[in-house]
Structure formats: C-alpha cells, structure tokens
Amino acid sequence: MYSRRSPRRHSLEPAAPIAALWLGLTLLASTPSPAAAQPRDQQTILLSRNDAAPVVTFEVVYHVGSRNEAPGTTGSAHLLEHLLFNKSTENFGRARGQRTFQEVLFQAGCDFSSTNMTTGYDRMNGYSTLPADKLELAMRIEADRLGRALILDSERQPEMTVVRNEYEIGENNPARALYKAVVGAAIVAHPYHWDPLGYRSDIEGVSTEALRQHYRDFFWPDNAEAILVGDFDTATALRMFDREFGSFPRSSKPVPSVITVEPPQEGERRVIVRRPGEVGLVKIGYMRPSSLHPDFIPLDVLSTILGSGVNSRLYQALVEKGFATGVSASNYALRDPFPILIDATVAQGVSHQKVEDAMKAALYAVGRDGVTPEELARAKSQLEVTVIRGRDGTYELAASLGEAVASANWKWFLQYVDTMNRVTAEDVRRVAATYLIPDHATVGWFVPAKADGKKPQKAAGAGGSTESSASSGRSAGEPAHATFAQRTLHRVLANGITLDVLANHAVPTVAVHGIVLAGRMHTPWEKPALGQLTAMMLERGTKTLDKRAIAARLDGVGARLHVTADMYGATIQGSSLSRDTKLLLSVLADEMKSPAFSDSELTKAKAEMKTDVLRAFDDTRQRAFDRLSQIAFPVGHPYHARSKDETLTSIAAARPADLRAFHKDRYVGASTYLAIVGDVDPARVAALVDSLLNDLPRGSRPDVDMPRVPRARPSHEAVALAGKANMDLMFGAASGLRRKDPDYEASLVANAALGQSSLSSRLGKRVRDTEGLTYNIYSRFTMTDFLDGVWLADVAVAPANLGKAMKSTREVIESYCKDGITEEEVATQKSFFAGNYRVQLATNAGTAQALVLAEKFGYRSHETQHHRRGGSREVPGVGPARATARASSRGCGPYCRPRAGRSNARSRPRSRDRSVRSTARGGHPEAVPRPRASGPGGPRRRTPAR
C-alpha cells in the first residue's frame, strides 16, 4: 500500500444540499459551482450517488499524518492508526466485551482489499466498501474512530510489535530502503524527512499517553472530511450521518499546524545504500513545490512524458539501449514541497554511473530543448483517461476525492483536467528547466552486496516495466430487475473463443479481461520461461506494427493493454474510453494473431525477465514458497518450483522459433476466454470481436491432468537469505483439493475461519491481535485451478519472535483441527463470501474478471451469483460438520498430529506444499515504495502464485 493515489476527475451527481457538500460537474467540461452546506458539527461530507451496484464506500479523511510529528514521536500517527483500526472504542472491541471492528466488517463482506486505514505524510484515512445495506455500520465505525477511541496501554503494547514487524518487512525491500534514503537526503528540515512508519526507536519508545495526546490534538470533526459514494438514498444517508457524527463538538483550540519550511538546496546530494541484494537501482529526486502551486500540474505532465510507456523519454533513453530494465517518474501530490522522483532498475552488467548519466541526459534535454507536440498530446490524453478510469467503482472515486482533500482541496480535484489541458509545451519546458537542475538533484544508488557466497536455491517471476505516477450509471453488477445472466451476452465463436459482453453505461469506459491457457504448466518441463516470454513479446511488435507504433496508438487515446503469464495462462487486461473500444480490440487482435518475435526485442525481454528472476530470488516469501513447492511436488510436476539457474538457463536458451511454435500451439480459440464490460452495445461489440478474431485458429484446449499428490512426510527446512530484518514462517501441505471438487466451497469456509483474515480469523486473533507477533498472517488453499494444490499458513515474523510465532500458530491449527468450526463461524464466513462477492463486482474490471473465471471453470455467468468460484452470493450446504471435516482432510490435517513438520526459509514464498512448515525471512509485498504507510490491514495481498 505504499502507493500514492492520483487525483481523478469524476462525474458527481448534483442534488439538493442538506448538511452535505454535493459536487457537480460534466465529464471533461468546465466545473459548475457546487452547492454546499455543513452539518451542525461543521464536518463536511462529500456525496456522490451511483446505484449501479448495491455497494457503497464510506471514507473519513483526517488531516493528520507524519508531517504532524517530531523527532522522538515519528510514526505516532501510524501507530495510532493501528489502534483505531481494530482496538477498543466505546462501542467496539474486547475491552468492553464487544466484537471488534474487523469481526463485524468481515461478516458484512469486507476483507483487507475493501476496508482499511492508512497513514501518509499529510493524512490518515479510514474506509470501507461494503454492501449498501451496511452503510450505517460503516458510519458507526468511523464515528467511534473519530471521537470514542479508548487508546489503552494494554492494547498499545502488542500492537507496537505488530507495527515494528511492518517496519521490519519494509526493511527487507531494497527499493524501500533507497526511497527513504533519497527522500531523507533531499528533505532535511521539514517533517517529510522521515517516513510515515517512523524510526524504529520511536515506534518502540512512544508512550500510550503521547498517543492519547496526539488523538486529542487532531481528531476533531473540523479537522476531517467524510466521503460517501455509491448506492444510497440521500436523505436517509444524511440522517444516518447526522445521528452518528452530529454530537461531536468542534475543537476548542486551533489544531496544531506545520510551520517548518524546507530551506533551498544549494548543491547535489548523494547517498548509497549497500546491502545484500541482486539488482541495482538508481533514484534521483528534484525538489518541487506543493500540489496547490501553479507549476504542480505541468510537472504532472512532465512526469508522464518522462516515464509513462514505451515511447516515454526514459524508456527510450535507458531501456531501449539496454542500460535499464525498468524506469518510472513519480510526482506525488502533497501539501508541501516534495521531490519528483526518477527511478531506473540497472540492467545486469551495466554500471550505476552509466545509468545515472543517461537519466540526467534525458532529464536535462527537456529543459533545454522542450517536448514535441506529439509528446504533449499523448501525455494529456494519458492523464485525462486515467482520471476518467478512476471513476469506475465507488472506492476509486472516494479514494480520489480523499487524496485531493488531503493534499489540496475538492475544487482542485474537480478542476484538475481543465487545468491540465491548458498546460503548454512551453510550460513543460519551463518547469523542467526550473526544477530539474544539477544543484537541486539528490542521487541515490542501491548497490547489491554479496552476502556470504552461499548458493541460493529458488527464484521465479518475470516482466519489465515502465511507470509514471502523475497526480492527476451502472457499475458492473447492476442489481434489481435483471439477473447477471440475462444482462450478459454469452457467445462461443466459431473458432472456440468464449466471449461474454456486459453493458454498463455509468462511466464512458470499457474494461477487457481475458485468459489464454498458455501458462507455465503448458510449457515443456525443460523450458519454464517460454510462457512468460511469449506473453511479454506480444506487445513488443507485430508483423504490421512495431513496439513504438503499438504504444503510440494506445497512449494516444490513453488506452492500456497488457498481457502477462503465470502458472495457468496468459492474462489479458485492457481498458480505454468506450469510444476507443474498436482501437483497443484491434490492437489486441493484432497482438494475438501476428506477433513478430523479433530477435532484438527478445533480447530486451530476456534482460527484463532475468532482472525480475533475480529480484524474486531476493524475496523471502517467494524463496520459502519455492522450497515448499519443491518438497510438496515431485520433479516433473508443473507445481514443482524451478531453481534460479534452471530458470535463467531457460531464458537464455529461448529463441524466436521456440516462441513462435508455442504461440502457434497455445494461442488458439479453444484456449481463449474473453469478457468485455462497460459503456458498449453488447451485440455490436460481439460482432466486432468475431470480425477481428475469427481467423485465430481453433486449436484445442490443453488437457492437463496428473494423479493427486500424496502428502510428503513432515519436514522442517530453512532457506538462508542474508541481510533481512524479517522472515516468513510457512506451514504447508498438499491439499488434494481441486476447483471442481464437490467439497470446494466447504473447504474454503473451513479455511476462512482459521486464517482468511489477519485479524478476525482464529490465527489472526491470537498471533497478531492478541500476541502482536506479526503484521501479516493468513492461511489459504492455493493452486487449485486444474490440479490439486496446497493449503498453507504464512506468518511474517521478526527472527527474535520466531519460536513464539511457531508455537502459537501450531497450537491454533491443532486446536482448530481437534475442536472443529462453530455454527457462528460458519455463518460468519458464509456472510463474508456473500458480501465480498457484491463488492468484487463494483467495477467493470472486477466484473470482467469474474465472468472470465466463471467461463474458465464452466460455471457460466448465471452461476457467478451462487459460487465463490466466479464470485459468491451463497455457499450452500456448508455446515460445521462438513467444514470441520474439510479442514482436517484438505487443509490443516497434517498439523493435527503430534510431530508435524516445519520448514524454515528465509525468503518471501509463494504458496505450495505437501506437508511441511517453513520459516522464511521475508520482505514486503510491494517492489516499489510509495510515500504512504500501509494500513494495519496490510497491503492488498494475494497468496503468491506461480
């Protein structure tokens, strides 16, 4: 969750204001003056109705972040946020004998992808996206957080160790370490100098009374804004809001403000971070003004020109020339001055100095020579479409509004696109010449240091990247009158392509999601890199368009199209304005049918994939998971992880002829599932897809089947990774479970009670919430798509707490297998899956993904309403006896015996195992840090997948 949200522009419905601020504007047009009124407590609430899906997002933004701290209390806002997230208040929590926030939210269908709190430099926020009939619950929770928190020392102490573990996880990430070093060197006086997580000594040393005082200073209704987006009745929602928040008084004294101004920089500054690692990094920061400064939005345009897409300045100057395998430019929207950050991942065999010189040459050329009209138009289109795309879903709109009021104000948010469209080429040249100058540079290198010469065991992953971070009617699940199936146009084309199209006219965008059964499990054993390389090459040129021409077509209208491959297949993800649907689908068809597989582009793709393999090799969770999968599955099984050397050898050996043969065999109609959701006419779009892809060969769907894997004997192994502050303890076993097994849903429910949530499950309640031993703990069934996979439990833990965490985790698992699941737990988990299904369908992209998964497993769109497999309204026929049986036989059964094994691995694993426990010293889910602390719910985290 270290990701800075971009300001977006949305169509907000005007309505009669009653105790609220309604925002109104016409898409991409001048913003009319909004009407405004405030409730009696003087807390503003922003509202936007969207009755497309029966979902709402309610968020409260508090104007307190790490900028409101001082040395000795750094990280206080973030630690306080953790206490507000799930500890006791007057109406919730264990101190008063009540259920916790996360227990009631989980039952309503929320997980950490839909409810959380986060802390940044400028703000703290709390939000929940949940079924519309649970709005009052969301408001009641946020009201208790605002004014009724108890902040008990007995709850601070275990939560402090949780926060410390979050800090330790971040320390495993070289990119995070370099980010903190560069920002800390660029900003020496202002509180942005320190990270929102704070310093370790301050995390450990801050007192409970200091946190209470922080709460008393900043948590007032006149220092916060509320935001409500989704399917609600205005009058009812305002009555709820007034009832929950109306009794809070205004602050009796001025809220403390930040007065420190960063002094001018008078020369280049340099930092080097040297620690064990595999991949070099270069980061350069240049101080620029706050988000409300007139130059900020021109700097957004500049960062897009520098770092967004194949045709960006940095990509052409570094990636195309083989100096780097990934580049980005980030211009974070913050209330005070902050660096614009330029990043490059150093290619193997290239010096840091060469990369730095190439970066600076590209940057300084803009200030000297300016930008072309084509670059300016492309950047504006990319930013504008990004803003429109951000309206797809209640959470996206609420989050965009929230970040805007934190770093600027809601008027800035509404006027963003109009202001951006007035930026000229001279404006871009001027801001580059003003801010990107040698004396204002802060240069950072991450230099990998070889630890001890030990030969590592595992790695996986692939894909190069560019990234630019510029601040910048019906969602798919239309309820009521029509069923999911009735509204979905379903066709199987003559060549075997399975197609679903669903109209949603609320936002003028379209989302495309697809799967081609062309993943690692479909490649020859000796060629594990073939599937990923083939997918990477599709957008690198076709027989009619080279890579830059493809990028120009897509970037010119702000469209996105990417194909990636994993264990199971190649995943297609695309989006554009609805008016550009034909262009988007035409490019997709060209890439699928006629990839060029040129030698020069394959060389670049290999370099990028090699970098990602090496980066994964330095990841504790990945390393532990790889080792577990080697124990659980025999050599030759698709799920048996390959060694780093095997993968690198496969990359090096791949030839264009190999990719062409794999593409011809696997990129066929019978293996392709495609869903298109958005502001489209389904019949016309289906006809368009047929005309574009009807000459794709039919081929055959691959038949991958193997005998069920027996459980291995319990074992305990360790994988050493030097220089890591955190480790991963992983328990795992071959589950014998496949997606179409009749007890699949019962198995999901059984696992969910044990470890679905890091806070409300049995594992979470004890190991994290009560004992404070971990920031992240969860259990999952994984890799069940076609073959039987594994059940695993993963615990992120500091080395000093390994023994305690291992003991507690094992005791919870053994107790669960012995005593079974309760009626209440079954009801809670079934309620979670039902509510979570509705939340997943809140966006076009989410609905398209659900449709594809349903078709992939043969459930069809009408069954996505009843099965967790494509989304889930219910989990029928699951009771305590059946769920308990599944827990024992499918999941934690291996640990119900006295001598269950375990495996220690210092690395970040992905999930697979027969019957082992594994301890892994491990890192943070994000590879690229962002200036915001993760919420206590943790980053949006998926169980690692091959």
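Would a scan of the range 239-250 turn up a residue that is among the hydroxyl-bearing types (S, T, Y), assigned to a loop (DSSP other than H, G, I, E, B), at pLDDT below 95 and more than 30 Å from E608 (Cβ to Cβ)?
yes
Here is a list of conditions, (1) in contact with a strand residue (DSSP E or B) (Cβ under 8 Å, 6 or more places away or on another chain); (2) closer than 30 Å to P131 by Cβ, and L383 meets all of them except one; can you say which number that is?
Exception for L383: condition (2).
Give the residue, chosen from D695, D665, D705, that is under 30 Å from Y837 (Cβ atoms) and over 30 Å from the mean Cα position of the chain (by Cα).
D705 is the lone residue from the list that is under 30 Å from Y837 (Cβ atoms) and over 30 Å from the mean Cα position of the chain (by Cα).
How many of the residues in the range 543-577 are surrounded by 22 or more Cβ atoms within 10 Å (Cβ to Cβ) and among the polar types (S, T, N, Q)?
The total comes to 2.
Going by the structure shown, is L773 buried (at least 24 other Cβ atoms within 10 Å of the Cβ), in a loop (DSSP other than H, G, I, E, B) and modelled with pLDDT under 95?
In short, yes.
Name every residue in the range 642-682 that is polar (S, T, N, Q), crowded, with 22+ Cβ neighbours inside 10 Å and not in a strand (DSSP E or B), in order of residue number.
Selection gives T647, S650, S671.
Do any residues in the range 650-676 that are within 19 Å of A605 (Cα to Cα) have Cβ atoms under 7 Å from those of residues that are of a type in the set (S, T, Y) and not in a helix (DSSP H, G or I), where the two are at least six apart or on different chains, and which pairs are they?
What qualifies is F662/T523.
Residues are listed down the side, and each one gets a yes or a no for (1) buried (at least 21 other Cβ atoms within 10 Å of the Cβ); (2) aromatic (F, W, Y); (3) farther than 22 Å from G402 by Cα:
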residue	(1), (2), (3)
T57	yes, no, no
P71	no, no, yes
E81	yes, no, no
S88	yes, no, yes
A95	no, no, yes
A108	yes, no, yes
S113	no, no, no
M124	yes, no, no
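Scan the range 796-823 residue by residue and report those that are of a type in the set (V, I, T) and either surrounded by fewer than 16 Cβ atoms within 10 Å (Cβ to Cβ) or farther than 23 Å from A750 by Cβ (or both).
V797, T822
Mind counting the residues in the range 56-106 that are charged (D, E, K, R), farther than 25 Å from A753 by Cα and in a loop (DSSP other than H, G, I, E, B)?
2
Quick one: which of A834, A827, A845, A850 is part of a helix (DSSP H, G or I), modelled with pLDDT of 55 or more and more than 27 Å from T488 (Cβ to Cβ)?
Being part of a helix (DSSP H, G or I), modelled with pLDDT of 55 or more and more than 27 Å from T488 (Cβ to Cβ) holds for just one of A834, A827, A845, A850, which is A827.
Only one of P263, P256 is out of contact with any helix residue (DSSP H, G or I) (no Cβ under 9 Å at 6 or more places or on another chain) and on the phi < 0 side of the Ramachandran plot; which?
Only one candidate qualifies: P263.
Would you confirm whether any residue within the range 188-206 is at pLDDT 95 or above, among the aromatic types (F, W, Y) and more than 17 Å from R335 (Cα to Cα)?
yes
Can you confirm whether T809 is of a type in the set (V, I, T), under 22 Å from A624 (Cα atoms) and assigned to a loop (DSSP other than H, G, I, E, B)?
no
Testing V327 on (1) within 31 Å of the chain's Cα centre (by Cα); (2) assigned to a loop (DSSP other than H, G, I, E, B); (3) among the β-branched types (V, I, T), one condition comes back false. Which one is that?
So the condition that V327 fails would be (2).
The values are calculated or read from the model by the stated rules, or taken from the named source; none is laboratory data. Treat the numbers as computed from the prediction; the structure is a model and nothing was measured. Glycine gets a Cβ as well: all are built from the backbone with ideal geometry, and neighbour counts include every protein chain shown.
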